[in-house]
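The values are calculated or read from the model by the stated rules, or taken from the named source; none is laboratory data. None of these values were measured; they are calculated from a predicted model. Reconstructed Cβ throughout: ideal geometry from the backbone, glycine too, with neighbour counts over all protein chains shown. With ligands, DNA and RNA removed, areas are computed over all heavy atoms of the protein, side chains included. Shrake-Rupley method; radii C 1.70, N 1.55, O 1.52, S 1.80 Å.
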Amino acid sequence: ELSPLDKVARLAGSQGNIVDALDEDTLTKLGNRVVDEYERDCADRSEWEKVALEALDSAAQDKPTEAKTTPWPNASNINIPLLTTADLQFNARMYPAVVKGDEAVLCKVVGQDNGKPKMAPHPQTGQLMPMPMLQPGPDGQPQPVVGPDGKMQPVWLVPPGAKSARARRVSEYMNTTMFYRMEGWENDTDALLMQLPTVGCVFRKVFTDKYKGVQSMMVPALKLVVPKKTRDLKSAPRITEKLEDVFPHEIRRHMVSGYYRDATEALAMDEEGDDSGARLLLEQHRYLDLDDDGIDEPYIITVDHSTRHVLRVEANFAMEDIKADEEGRVYCIERRDFYVKYGMFPHPKGEFYDIGLGHLLKKLGATIDTALNQLMDAGTAQTAGGGFIGAGVRLQGRGNRGTVRMAPGEYKVVDVAGDTLRNGIYERTLPNVSPVTFQVLDFILGFAREISGIKDVLTGEANNQAPVGSTLALIEQGLQVFNATAKRFFRAAKEEYTLVYDNLRLYGGDKAAKDYVEILDEQADFHADFNAKDMDIRPVSDPSTVTRMQKVAKAQVVQGTIPILAQVGGDPREAM
């Protein structure tokens, strides 16, 4: 009988769908468990999801405005596009900072890049010393090579600058992969930067496709369900992605290829045999103990939601993810990561789903809309006028008794004496809107602008006669919220690029190694450059300059140093 370690190793080595290794009773229980826990997670986040859906509708402004019946039919019903404006501003600032032409990834050199000399024992002391580089001297005997600095040149195991060269190669290849090999990565980034401020969080899924290679696709937060109290994705007990709009012909194609198990009868759409409608599949990344050793293993399980039929079970770990003690007892199996969360504002209660401007501006937006509608209705009432007509005044106006509607410049003939008409009509007068109302409205709008990061100085509407220093100070102050959000974005982007790096390293193989040389047009060792164990380089996102305004501020600071450089003997041309 196989040991627990051998059982887990066999699962780790399995390729593809292992559903045939499970009995029908186990699959039935598994399908029920996946769907039940998914629906419980959906119920837990229902309050967050409701606000997120309302925010998306408000930002898109695509829902028809319902007619109001108070204070009178078809009264004013303005919805100020505050959220839309904030989303457009965030996208306009972040998108050029994230996507600089066809570059997004910057590989950082870890540690020193001074080279690593080859060591050899000293002939007299035996102490390890750098091995000198030798060349024939005038007498034909080998002698050390001395550099221009007068120091002896060693034999290099790793020459100086090797890490920087490696970082350049990996950065270039990863940028080429993301911009020209992944389907729609840049378009997804643009869409992500529109949804992120509205909803509060968006996800990226990084995986390796058998035919297309490494791919990274955006997954809206509404389509990724995680227990609300989860701290982060790594510690989540389960992650469920909603695969919506999967049509029967796609499922049948996967059945024929063996990607899904045969479930033709279970997935019958209705009694008439109409199978043209789309289905909802659940792809759940979770832990299960299928080998009964007391340790849960990570799996990816695909289930049809309506029938609870399991279509696919796949092991989500490899041999290097299995942790065992010296006696071969397995104590931990790590899960392979697929998803990265991009967050806007961390939830104040510490919940998993971050909050966006849709959550923060919901009450303020409703207050602003109410105040504006009241102002518009007050103006309408004052303009339209109205009042009371005494019962003794009979206005015979083409079938109208007691009511006469007049267009501008029009005079009506009535069978009433002037004095009687004047005494029998009382016009209702309305007070003017108080200036305090406008002050309160402006006060509330100020709070909304501070939360959303919309400042006049950032949108180009500030006083252009103000001193440059004052303007830059206002810009710096206005960018505080934006800069914090940008840091969170770049932190998540670093995780995404690390997943892309790991996918290339783990699944690229000889095909990627050949492509690596062709892309770079130079001889390079793909497996050595994508070796994560030495930690010489790490892919990161480059947040060095977020906005053009910050570039201007830096340039002015450097410009101020030019006279000082000239006095101390520096080169002003470098500053310029």
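Find the residue count for the stretch 39-54, including only residues that are more than 19 Å from the chain's Cα centre (by Cα) and of a type in the set (A, V, I, L, M).
Of the residues in the stretch 39-54, 1 are more than 19 Å from the chain's Cα centre (by Cα) and of a type in the set (A, V, I, L, M).
Check off (1) assigned to a helix (DSSP H, G or I); (2) in contact (Cβ under 8 Å) with a residue 24 or more places away in the chain for Pro160 and give me the number that stays unchecked.
Checking Pro160 against (1) assigned to a helix (DSSP H, G or I); (2) in contact (Cβ under 8 Å) with a residue 24 or more places away in the chain, the one that fails is (1).
Of everything in the stretch 183-194 that's of a type outside the set (D, E, K, R) and open to solvent by 10 Å² or more (accessible area, probe 1.4 Å), which residue is nearest to Gly343 (Cα to Cα)?
It comes out as Met194.
Got a sec? Which of Val393, Val340, Val330, Val416 is among the β-branched types (Val, Ile, Thr), closer than 26 Å to Lys494 by Cα, in contact (Cβ under 8 Å) with a residue 12 or more places away in the chain and surrounded by 10 or more Cβ atoms within 10 Å (Cβ to Cβ)?
It is Val340.
Only one of these conditions is not met by Glu461: (1) closer than 16 Å to Ala165 by Cα; (2) open to solvent by 50 Å² or more (accessible area, probe 1.4 Å); (3) at pLDDT below 90. Which number is it?
With respect to (1) closer than 16 Å to Ala165 by Cα; (2) open to solvent by 50 Å² or more (accessible area, probe 1.4 Å); (3) at pLDDT below 90, Glu461 is out only on (1).
Residue pairs, Cβ under 9 Å, 6 or more apart or interchain, first in the stretch 14-25 and under 12 Å from Tyr259 (Cα atoms), second assigned to a helix (DSSP H, G or I) and open to solvent by 30 Å² or more (accessible area, probe 1.4 Å). List them.
From the stretch 14-25, the pairs are Ile18/Leu11.
For the stretch 54-76, which positions are part of a loop (DSSP other than H, G, I, E, B) and surrounded by 14 or more Cβ atoms within 10 Å (Cβ to Cβ)?
The answer is Ser76, and nothing else.
Suppose we keep only residues that are part of a loop (DSSP other than H, G, I, E, B) and of a type outside the set (Ser, Thr, Tyr) within the stretch 8-53. Which one would you say is most open to solvent (accessible area, probe 1.4 Å)?
Among those that are part of a loop (DSSP other than H, G, I, E, B) and of a type outside the set (Ser, Thr, Tyr), it is Gln15.
Check every one of the strands (runs of 3 or more DSSP E) wholly within the stretch 237-345 and list those with 1 or more residues that are in contact with a Cys (Cβ under 6 Å, 6 or more places away or on another chain).
322-324, 339-343
Looking at the structure I just gave you, is Arg168 farther than 23 Å from Ala86 by Cβ, among the basic types (Lys, Arg) and under 23 Å from the mean Cα position of the chain (by Cα)?
No.
Filter the stretch 49-67 down to the residues that are in contact (Cβ under 8 Å) with a residue 40 or more places away in the chain and out of contact with any Gly (no Cβ under 8 Å at 6 or more places or on another chain), then identify the one that is nearest to Pro237 (Cα to Cα).
Here the residue is Glu49.
Quick one: in the stretch 507-531, which of the residues that are aromatic (Phe, Trp, Tyr) and in contact (Cβ under 8 Å) with a residue 60 or more places away in the chain is farthest from Cys107 (Cα to Cα)?
In this case the residue turns out to be Tyr507.
Yes or no, residue by residue, for (1) over 24 Å from Asp337 (Cα atoms); (2) at pLDDT 75 or above; (3) surrounded by 15 or more Cβ atoms within 10 Å (Cβ to Cβ):
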site: Gly478; (1), (2), (3): yes, no, yes
site: Tyr497; (1), (2), (3): no, yes, yes
site: Asp521; (1), (2), (3): yes, yes, no
site: Ala524; (1), (2), (3): yes, yes, yes
site: Val540; (1), (2), (3): no, yes, yes
site: Gln550; (1), (2), (3): yes, no, yes
site: Ala555; (1), (2), (3): yes, no, no
site: Ala566; (1), (2), (3): yes, no, no
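Please give the number of the condition Ser216 fails out of (1) outside any helix (DSSP H, G or I); (2) hydroxyl-bearing (Ser, Thr, Tyr); (3) over 19 Å from the mean Cα position of the chain (by Cα); (4) buried (at least 16 other Cβ atoms within 10 Å of the Cβ).
(3)
Just to verify a result, which residue in the stretch 134-162, among those that are under 52 Å from the mean Cα position of the chain (by Cα) and of a type in the set (Gly, Ala, Ser), is least open to solvent (accessible area, probe 1.4 Å)?
Gly147
Within the stretch 197-213, restricting attention to residues that are open to solvent by 50 Å² or more (accessible area, probe 1.4 Å) and of a type in the set (Ser, Thr, Tyr), which residue is farthest from Ala55 (Cα to Cα)?
Tyr211
Could you look through the stretch 507-517, keep only residues that are under 17 Å from Met178 (Cβ atoms) and assigned to a helix (DSSP H, G or I), and pick out the one that is nearest to the chain's Cα centre (by Cα)?
Tyr507
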